[in-house]
Amino acid sequence: MDMGLTGRRLLLVIGGGIAAYKTLELIRLLHRAGAETRVVLTEAGSRFVTPLSLAALTGHPPRTGLFQPDEETAMGHIELSRWADLVVVAPATAGLIAKAAQGLADDLASTTLIATDKRVLMAPAMNVRMWLHPAVQANVARLAAFPGPGVAFVGPDEGDMACGEFGPGRMVEPPAILAAIAAELAGPAARPLAGRRALVTAGPTFEPIDPVRGLTNRSSGKQGYAIAAALAARGAEVTLVSGPVALDAPPGVTRVWVETAREMQAACDAALPADLAVMTAAVADWRPDQVATGKIKKAPGGPPALALTENPDILAGLSAAGPRRPALVVGFAAETDDLIANARRKLSRKGCDWIVANDVSADVFGADGNAATLITGDGEESWPRQSKTALAAALADRIARHFTGTPA
């Protein structure tokens, strides 16, 4: 697939972190896409990847120091920064982020970042406690606010870390960085949702009955994941709140795992404020009133009676969130009969802005295709059955037109 990277020049700054090993795969992906790369390798970064490996992959020895006479006689750090179309920092450690935010220049990497007049893309990687520290968050916010060409961020992801902890701080995978690079080099027209924060829910919820059983549904999460990927490809900063599914997180998307409806509600609340929300998750309407602490056994009296209680209505709650309400809230109506009529009633009842109606009586749950009708205050827009990826692109383009004021 042509990503528009043929002939583009990338300067990769590799910081000191275990995630540095991922940069070897990133370089391979960039070269496969037709890009040329050069590397600045920090002293700490060289503890994780070797100069020889980088030279073999790029065809150029990495720059490792500020005081290399054969390079700096021609002001090599200035030349490097001007050679590149984009500077990519991966992994962007807390130290590199702090130096860039404060304008410090005491080694080749930090000096190059100060000397460049090109846009910088950072892929943070650090322990969850470090990422959440107020000083790191302040430095990230300061960099994001720099005037053009400016600094952009991709990630971090949430997940298991080398230190044994779990949470946000993992560097995103190389394909996600590649997609972010392509989006940055494509320019603003290809990123109509840049600067917008999006919340997407996907997949089913699972409401436990006992330690081995639960109430759930057939949702695969494919449509919601495709929508999250489409919004991210158009520049949005996407938080994907996902129930239990067997799918990889889309490139450039921050995924938050949940299981129950109440966990999903809490994760959605934590993701606010957001500019837009697309609620595709198939949330269980009810949950058992009591969850057994041990496996419920068969008994002579027949199956046990389950007392159910209603789950929170996440879509209605988000639509009524007052000052924290997203400017655009999109719901989904999965119906088996009277599709449009039921969807319109849901639109009114939930208080959302748009609703996507899809007939799930046939081959939809778990399938790769879908057909849908978008219902807005202006009317209806029908999309014939197509791949869920294509349908997600149609919805993401419609959302982009809404925010940019571009006519359909």
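Numbers below:
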read-out: Members of segment 1-60 found to be among the polar types (S, T, N, Q), part of a helix (DSSP H, G or I) and surrounded by fewer than 23 Cβ atoms within 10 Å (Cβ to Cβ), listed by number; value: Ser46, Ser53, Thr58
read-out: Count - residues of segment 334-346 that are closer than 17 Å to Ala281 by Cβ and either out of contact with any Ser or Thr (no Cβ under 9 Å at 6 or more places or on another chain) or among the β-branched types (Val, Ile, Thr) (or both); value: 1
read-out: Test for Thr23: is it out of contact with any helix residue (DSSP H, G or I) (no Cβ under 6 Å at 6 or more places or on another chain) and free of Cβ contacts under 8 Å to residues at least 60 places away in the same chain; value: no
read-out: Test: residue in segment 342-355 that is of a type in the set (Gly, Ala, Ser) and in contact (Cβ under 8 Å) with a residue 40 or more places away in the chain; value: no
read-out: Test for Ala307: is it in the same structural domain as Arg325 (by TED's automatic domain parsing), touching a Pro at 6+ places or on another chain (Cβ under 9 Å) and surrounded by 22 or more Cβ atoms within 10 Å (Cβ to Cβ); value: no
read-out: Arg324 being within 25 Å of the chain's Cα centre (by Cα) and charged (D, E, K, R); value: yes
read-out: Residue check for Pro168: in a strand (DSSP E or B) and either over 17 Å from Glu25 (Cβ atoms) or of a type in the set (Gly, Ala, Ser) (or both); value: yes
read-out: Any hit, segment 102-112, residues being at pLDDT below 85 and within 18 Å of Ile14 (Cβ to Cβ); value: no
read-out: All positions within segment 339-369 that are at pLDDT 80 or above and touching a helix residue (DSSP H, G or I) at 6+ places or on another chain (Cβ under 9 Å); value: Lys346, Arg349, Lys350, Gly351, Cys352, Asp353, Trp354, Ile355, Val356, Ala357, Asn358, Asp359
read-out: Candidates Val120, Val136, Val128, filtered to the one that is modelled with pLDDT of 90 or more, of a type outside the set (D, E, K, R), more than 30 Å from Gly4 (Cα to Cα) and not assigned by TED's automatic domain parsing to the domain that holds Ser242; value: Val136
read-out: Among residues of segment 189-209, those that are closer than 30 Å to Pro304 by Cβ and either assigned to a strand (DSSP E or B) or modelled with pLDDT under 95 (or both), counted; value: 3
read-out: Criterion: of a type in the set (Asp, Glu), under 23 Å from Pro175 (Cα atoms) and either outside the structural domain of Glu158 (by TED's automatic domain parsing) or without any contact (Cβ under 8 Å) to a residue 40 or more places away in the chain (or both) - qualifying residue of Asp210, Asp248, Asp269, Asp275; value: Asp248
read-out: Any chance Val238 is in a strand (DSSP E or B) and at pLDDT below 95; value: yes
read-out: Residue identified as surrounded by 14 or more Cβ atoms within 10 Å (Cβ to Cβ) and in contact with a Lys or Arg (Cβ under 9 Å, 6 or more places away or on another chain) among Ala371, Ala390; value: Ala371
read-out: Residue satisfying all of: in segment 194-203; surrounded by fewer than 24 Cβ atoms within 10 Å (Cβ to Cβ) and under 23 Å from Asp269 (Cβ atoms); nearest to the chain's Cα centre (by Cα) among these; value: Arg197
read-out: Qualifying residues in segment 212-233 (those that are assigned to a loop (DSSP other than H, G, I, E, B) and either in contact with a strand residue (DSSP E or B) (Cβ under 8 Å, 6 or more places away or on another chain) or charged (D, E, K, R) (or both)) - the one surrounded by the fewest Cβ atoms within 10 Å (Cβ to Cβ); value: Arg218
read-out: Top-ranked residue in segment 96-117 [being buried (at least 19 other Cβ atoms within 10 Å of the Cβ) and not aliphatic (A, V, I, L, M); ranked as farthest from Gly7 (Cα to Cα)]; value: Lys99
read-out: Entirely in segment 83-165, the strands (runs of 3 or more DSSP E) that have 2 or more residues that are under 20 Å from Thr239 (Cα atoms); value: 120-124, 151-153, 157-160
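The values are calculated or read from the model by the stated rules, or taken from the named source; none is laboratory data. On a predicted model such as this, the values are computed, not experimentally measured, just so you know. So basically every Cβ, Gly included, is an ideal-geometry build from the backbone, and we count neighbours across all protein chains shown.
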